[in-house]
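See below for the structure under consideration.
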2 protein chains.
Amino acid sequence: MPALANKTYFNYGGQGPLPSPSLAAITESWQCIQELGPFTGSIWPWLAAQTQGVRGDLAAICGVPPHRLALTENVSSGCVLPLWGLPWQGGDELLISDCEHPGVVAACRELAHREGLKLSTLAVGSIRSVSGEATDAAVLDALEQALSPHTRLVVLSHLLWNTGLVMPIEAVARRLEHHPRHPWLLVDAAQSVGSLPVAAAASAADIYAFTGHKWCCGPEGLGGVALSERILNASRPTLGGWRSLTNENDAGLDGPGGGHDPWHHDGRRFEVATSCAPLMAGLRCSLELLDAVGGAPARLALIRERSSQLWLGLQAIPGLKALLQEPPPAGLVSFELECEGRGHTPASLVEKLGEQGVWLRSLDDPHCLRACTHLTTTSEEVEQLLAALSSLLE
Amino acid sequence: MPALANKTYFNYGGQGPLPSPSLAAITESWQCIQELGPFTGSIWPWLAAQTQGVRGDLAAICGVPPHRLALTENVSSGCVLPLWGLPWQGGDELLISDCEHPGVVAACRELAHREGLKLSTLAVGSIRSVSGEATDAAVLDALEQALSPHTRLVVLSHLLWNTGLVMPIEAVARRLEHHPRHPWLLVDAAQSVGSLPVAAAASAADIYAFTGHKWCCGPEGLGGVALSERILNASRPTLGGWRSLTNENDAGLDGPGGGHDPWHHDGRRFEVATSCAPLMAGLRCSLELLDAVGGAPARLALIRERSSQLWLGLQAIPGLKALLQEPPPAGLVSFELECEGRGHTPASLVEKLGEQGVWLRSLDDPHCLRACTHLTTTSEEVEQLLAALSSLLE
């Protein structure tokens, strides 16, 4: 991983480093497209096999059959494309957690404006206890307080991008089944796919949207979304293009006034048109490299070894306070400055660490720093970060 | 161009070959991202410069200021993202030419279903005369007949993907200015950008959507759309993501009940979230290679030399009939089989030519074959295609 050769890297949750074999696979894929195509009878079976391969890999990770998996460009398109196609009714409520990414929140707000929907807040940001059952109980309690008879959608990340807590997606899905309107469950999986075992959550959610370029260490520009059968049945196509059509020469027009349904009814309904095919080979290569380390539970254990080491080390640095009360459940370690009055802010600390070649990021809400540990994070890197923080705060 | 080394290629309108320097530029871009980033303080200025560069290049091609240019994944997203954000009223009419790509037609049909709009047809498919003024007069005549007081949008390709005629986009735009509702003009520019001078048409249209992977010979997965000021003013965001936000940490929520506008008001309004940044370097490299041959008018003259040669050669082959009455205005050469009864169909001919390493495509409407000539097409390749066709039809 060339990205890790010249820096100490803790921003896997922003973007993962691309392994050299994955870049080689992308380049070879382009060469193969040039040799067989780019637009010939020889290329179509090859492209279909590539697409089927990556769709199958991602569907397996999500624990869903391949027809429930749509390939997307990024997390936002995976969230919003199916969302905009759902049959909303004026007055429906969108219940959005207070730990969602601003991009998804803004898109929901726009949808609410357009369809006359109401927004309400699911308060999970103040939960700081990690010990599994306590977190789950707190989330379900917050859900109970926030649900209304009009709730039609719940938006909740699987792994919260700011506090780093894992949300009990399956339990939330079960609770929603008993709500009279059985609200849809949209899960932003930007931080979970590639860092947690996700099959149980992804197959329980209605829309489970992720990207390959963060914890999977694939190339930027390719992700996916797992969709429930009821979403596939209820949602109309939104952005439509040749890839969403069952026959790309058939727009569904039968002549004046007539028409038939031209759209795919599986995940392809939300795939649009031409995208960058060579990225599929890159993502598959990165996923194979992850699998070579071990299964998802074993990988999470390794990730947690380093995040625990970091969390423990933070306890010993005066002026810093980890957001969570116990070692993190995954690889996100967020921490606050106890007194910002001494001339430091999260952003200024990030900048000073960057000058030393140590990269993490700051967040606005809560106002904190966030370091991510992945399989490639070494014990020495964690010690280096802790030493740098101690030194800056002395 | 490795794609051209082992085949005789006439499918530039489907996908252009990727030059080796462009693939090298993409790979180098990825290496640079790994060296500087992928998510560090060092990468953001570099990424901003790359984005600004390609936005500026594409805006210059379109004759618009950069703030009117949005980067997109493909033609469909360029057409549909701004379209879905416009303030439609039930009963508005969408006037769609009968030569549009099924992907765009199906998307318009879906929009019509959602918003209660009517579809009507602009008949330009039967025009077969190339001589500039006659084509333009026929198109404007068809427009005059098809416009109604309720027309709110006209959808017309710049270079028709089936017959290969160039549409008088500026004249159509001027005519629409005098319609009481001043309908928006959506132009599918999939076939024109990279093959024609497009600045006058692109700057006259409201939505001028194109891709880099056809006639520009860039990588698949990156295109753009030029937007008029009135579209930027009237259209709300559709898919929203961090790239559409003026501050990616700000979703526009001010607290309970309050809110402010978080969205960009320039082309970035329709850019969504993370896409494949290295493609920008590849497209810019391909555009530079085109420019090295000459300006757009000089390049079109070269493209037409070969398409004229092919068109003339087709006149001499019994059983084939070129769609157009005169040599084509650009690089698309479509031709029909005069009697399909002799065991040939467009699809069967395409397959047999493919077995000889000669690649063109068939179209359903009109039922024909289509060969494209580009700057890289040689006189010998055209003769080879003509000889192969003659031989198959003997």
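Things to note:
- Taking (1) outside any strand (DSSP E or B); (2) within 20 Å of the chain's Cα centre (by Cα) in turn, B:D254 satisfies each apart from (2).
- Test: residue in segment B:248-258 that is in contact with a helix residue (DSSP H, G or I) (Cβ under 9 Å, 6 or more places away or on another chain), surrounded by fewer than 24 Cβ atoms within 10 Å (Cβ to Cβ), among the charged types (D, E, K, R) and within 19 Å of B:Q52 (Cα to Cα): yes
- Yes/no for A:V75 being within 30 Å of A:L140 (Cα to Cα) and touching an Asp or Glu at 6+ places or on another chain (Cβ under 7 Å): yes
- The single condition among (1) within 12 Å of another protein chain (Cβ to nearest Cβ); (2) over 19 Å from the mean Cα position of the chain (by Cα); (3) in contact (Cβ under 8 Å) with a residue 24 or more places away in the chain that A:Q89 does not satisfy is (1).
- Tally, over segment A:302-333, of residues that are within 30 Å of A:I26 (Cα to Cα) and either of a type in the set (A, V, I, L, M) or at pLDDT below 95 (or both): 4
- Qualifying positions in segment A:62-77 - charged (D, E, K, R) and more than 14 Å from chain B (Cβ to nearest Cβ): A:R68
- When restricted to residues that are part of a helix (DSSP H, G or I) and touching a Lys or Arg at 6+ places or on another chain (Cβ under 9 Å), segment A:84-113 contains 5.
- The listed residue being closer than 30 Å to B:Q31 by Cβ, more than 9 Å from every other protein chain (Cβ to nearest Cβ) and in contact with a Leu (Cβ under 8 Å, 6 or more places away or on another chain), out of B:E336, B:E271: B:E271
- Filter result for the condition that a residue is surrounded by 16 or more Cβ atoms within 10 Å (Cβ to Cβ), more than 7 Å from chain B (Cβ to nearest Cβ) and of a type in the set (A, V, I, L, M), over A:A106, A:A59: A:A59
- In segment A:142-153 there is at least one residue that is touching a residue at least 40 places away in the same chain (Cβ under 8 Å), touching a Phe, Trp or Tyr at 6+ places or on another chain (Cβ under 8 Å) and assigned by TED's automatic domain parsing to the domain that holds A:A226.
- Hits in segment A:2-52 - residues which are touching a helix residue (DSSP H, G or I) at 6+ places or on another chain (Cβ under 7 Å), at the interface with another protein chain (Cβ under 9 Å from one of its Cβ atoms) and in a loop (DSSP other than H, G, I, E, B): A:N6, A:P17, A:L18, A:G37, A:P38, A:T40, A:G41, A:S42
- Test result for B:C216, of a type outside the set (D, E) and within 19 Å of B:W84 (Cβ to Cβ): no
- Taken together, B:S157, B:S126 contain a single residue that is in contact (Cβ under 8 Å) with a residue 12 or more places away in the chain, over 20 Å from B:P180 (Cβ atoms) and out of contact with any Pro (no Cβ under 6 Å at 6 or more places or on another chain), which is B:S157.
- Hits in segment A:364-382 (condition: surrounded by fewer than 19 Cβ atoms within 10 Å (Cβ to Cβ) and within 15 Å of A:L320 (Cβ to Cβ)): A:P366, A:H367
- Residues in segment A:240-248 include at least one that is under 26 Å from the mean Cα position of the chain (by Cα), of a type outside the set (V, I, T) and under 19 Å from B:L119 (Cα atoms).
The values are calculated or read from the model by the stated rules, or taken from the named source; none is laboratory data. If you're wondering where the values come from, they're calculated on a predicted model, not measured in any experiment. No Cβ is skipped: glycine too gets one built from the backbone with ideal geometry, and neighbour counts run over all protein chains shown.
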